[in-house]
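Heads up, the thing below is written out as structure tokens.
The values are calculated or read from the model by the stated rules, or taken from the named source; none is laboratory data. Bear in mind the structure is a predicted one, so any value in this text is a computation, not a measurement. Cβ: placed from backbone, ideal geometry, glycine included. Neighbour counts: every protein chain shown.
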Ligand code: BGC
């Protein structure tokens, strides 16, 4: 008799969706990316502009999260708003984000707060950015200024995708040059980050964790872009090449989470590596709006990979698909959750699944790729839930797969 494998999730498993400040708030005018987007002749297809106007509509967003039956929401705090000028902290902006935290709690939603998600205050970028002499202390100072609003917050992500961010920063050292850098289809195929950039980012994460340890009950970690680097063939040379490729671009950052309270895993697709570097996936492969291979197994493989390096509780802080076809989103997410459930059944300690993304938002240069469980009208900002929102909400409510 065929015995069906139970696919349920641990008690207290966090179910929810994720967003980032710059991608949803709108008019993040003090940030370095706003500057880049608005440079005359910028090669970006679109500027973030009003984004989803979540700076004003966050309560509506939280109602969608709670209404779906989710128990968690990951959102970002924007450094450029908290510290618009070096050393001057805006009490009004702190109050704004504290209202969001309270808004989560009053709706029974666990807030998962990200302190840095790819954007810096323009003044920080202009004064040398992450490799400037005071970068680590300056970031730690910002984290310190946020402490008063983190009371009672259990999950805090210091720096989002530090590995991908280090690759991007190494490619673009100065904000004004970003238009000149071609982004490969899969970010993990960027050149390896420069050592000094990776070292600064890792030091900033550790400094931030030290500051955050002052808040009782707060767990801090960072959220790593898991690229699922896989050897193109079984040949030893491909295996060795994959390890060598992965270390500076991913594993080094997972290793740096060894002492952390948790580690965020973010996975969308995979990249094949051969002895001579990345191998082009066959042209016939099914692809998403990002040009990435449709690979629902990504998240299961990513949590297993992370657990093979560090023994730290895992939260899936991002996983999703850019598609105009919501049926495909459900198909992808269904496959992803099966892979995740199988990893959990095999002993991987996963505490939650936060889908990327709650909203169709600004995908770093364009609004064309749609990752959202909820569509957003670009002019009226009216939110329209897609069937996938209720579908994932049902998984959350039952805490199992059908
Ligand atoms: C980032 C998000 C991004 C998503 C899809 C991750 O790299 O954290 O900001 O929108 O993947 O590209």
Task: Every residue from the stretch 373-382 that is in contact (Cβ under 8 Å) with a residue 60 or more places away in the chain and either more than 16 Å from the ligand (Cβ to nearest atom) or under 14 Å from residue 319 (Cα atoms) (or both) - done: 373, 381
Open item on the list: Considering only residues that are more than 16 Å from residue 223 (Cα to Cα), touching a strand residue (DSSP E or B) at 6+ places or on another chain (Cβ under 8 Å) and within 16 Å of the ligand (Cβ to nearest atom), which ones fall in the stretch 279-316?
Closed with: 287, 293, 294
TODO: Of all residues in the stretch 95-148, count the ones that are closer than 22 Å to residue 16 by Cα and more than 20 Å from the chain's Cα centre (by Cα).
DONE: 9
- [ ] Please enumerate the residues belonging to the stretch 88-107 that are in contact with a helix residue (DSSP H, G or I) (Cβ under 8 Å, 6 or more places away or on another chain) and not in a helix (DSSP H, G or I).
- [x] 89, 90, 107
Open item on the list: Residues that are assigned to a loop (DSSP other than H, G, I, E, B) and either within 16 Å of the ligand (Cβ to nearest atom) or at pLDDT 95 or above (or both): does the stretch 159-167 have at least one?
Closed with: yes
TODO: Determine whether the stretch 253-266 contains at least one residue that is surrounded by fewer than 19 Cβ atoms within 10 Å (Cβ to Cβ), away from the ligand (no atom under 16 Å from the Cβ) and not in a loop (DSSP other than H, G, I, E, B).
DONE: yes
- [ ] Residues being surrounded by fewer than 23 Cβ atoms within 10 Å (Cβ to Cβ) and away from the ligand (no atom under 16 Å from the Cβ): count how many of those fall in the stretch 344-372.
- [x] 7
Task: Boolean, residue 80 is buried (at least 23 other Cβ atoms within 10 Å of the Cβ) and either farther than 23 Å from residue 16 by Cα or at pLDDT below 95 (or both) - done: yes
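When residues of the stretch 267-277 are filtered for being part of a strand (DSSP E or B) and either surrounded by 18 or more Cβ atoms within 10 Å (Cβ to Cβ) or out of contact with any helix residue (DSSP H, G or I) (no Cβ under 8 Å at 6 or more places or on another chain) (or both), how many remain?
Here is the first cut: in the stretch 267-277, the residues part of a strand (DSSP E or B) are 267, 271-274, 277.
From the residues that got through so far, the ones that are either surrounded by 18 or more Cβ atoms within 10 Å (Cβ to Cβ) or out of contact with any helix residue (DSSP H, G or I) (no Cβ under 8 Å at 6 or more places or on another chain) (or both) too are 267, 271-273.
Qualifying residue count, the stretch 267-277: 4.
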TODO: Check every one of the helices (runs of 4 or more DSSP H) wholly within the stretch 1-82 and list those with 2 or more residues that are more than 16 Å from the ligand (Cβ to nearest atom) and touching a helix residue (DSSP H, G or I) at 6+ places or on another chain (Cβ under 6 Å).
DONE: 54-68, 79-82
Task: Unique match (being in contact (Cβ under 8 Å) with a residue 12 or more places away in the chain and part of a helix (DSSP H, G or I)) among 281, 302, 324 - done: 302
TODO: For the stretch 223-240, state whether one or more residues are in a strand (DSSP E or B) and more than 16 Å from the ligand (Cβ to nearest atom).
DONE: yes
TODO: Return the only residue of 114, 85, 110 being out of contact with any helix residue (DSSP H, G or I) (no Cβ under 6 Å at 6 or more places or on another chain), loosely packed, with under 13 Cβ neighbours inside 10 Å and in contact (Cβ under 8 Å) with a residue 24 or more places away in the chain.
DONE: 85
